[in-house]
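Notes follow the structure.
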Amino acid sequence: MKSKHFYIQIIAILLCLSAGAKDFNISSPDGKVNLEVKLGNQIFWSVKMDGIRVLDLSPIGIELENEHLGLNPKLLKSRVRKINETSTAVVPYKFRNITDHCNELLLIFKGNYSLRFRVYNNGAAYRIELDRNKSESVTIMD
């Protein structure tokens, strides 16, 4: 009987530990590029192209003067959307029409910041966005 309670306690502890971790996957429009985001004590991302890892699991964060964004992240909400827009270049260099075709993952965190990931047919990128007042200055530490 004691061993049954012991196993139930171990399972409960493991479930609690894994409850804070969350994974997101998003692929390019043609499905060849796959981006993975892992949330735990820190934010990590990795990229595969045609099933081959081209970017190992790497941390994402930015250290500001009074806080470190990316450590112990608290996810508020996430959103995925498909983008397929064409814009016209004011001064065309190579092409007059520029197509923006990708899939986007937006992660919004407690602490007034978000991460925007975009996965294109030939690559992937992310951007850290701070939701601050325009008059408020931000000091990024080295």
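The values are calculated or read from the model by the stated rules, or taken from the named source; none is laboratory data. If you're wondering where the values come from, they're calculated on a predicted model, not measured in any experiment. Note that each Cβ is placed from the backbone with ideal geometry, even for glycine, and that neighbours are counted across all protein chains shown.
Annotations
- Tyr126 vs. criteria over 15 Å from Phe24 (Cβ atoms), touching a strand residue (DSSP E or B) at 6+ places or on another chain (Cβ under 9 Å) and surrounded by 13 or more Cβ atoms within 10 Å (Cβ to Cβ): no
- Only one entry of Lys77, Lys82, Lys110 meets the criterion of being of a type in the set (D, E, K, R) and over 24 Å from Asn41 (Cα atoms), and that entry is Lys82.
- Residues of the range 68-101 satisfying the condition of being at pLDDT below 95, in a loop (DSSP other than H, G, I, E, B) and loosely packed, with under 12 Cβ neighbours inside 10 Å: Ala89, Val90, Val91, Pro92, Tyr93, Lys94, Phe95, Arg96
- Hey, Pro59 farther than 30 Å from Asp30 by Cα and at pLDDT 95 or above or not: no
- Residue within the range 38-52 that is over 20 Å from Tyr113 (Cα atoms), loosely packed, with under 15 Cβ neighbours inside 10 Å and not hydrophobic (A, V, I, L, M, F, W, C) present: yes
- Scanning the range 22-56 for residues that are part of a strand (DSSP E or B), among the acidic types (Asp, Glu) and either modelled with pLDDT under 95 or more than 16 Å from Ala125 (Cβ to Cβ) (or both) yields a count of 2.
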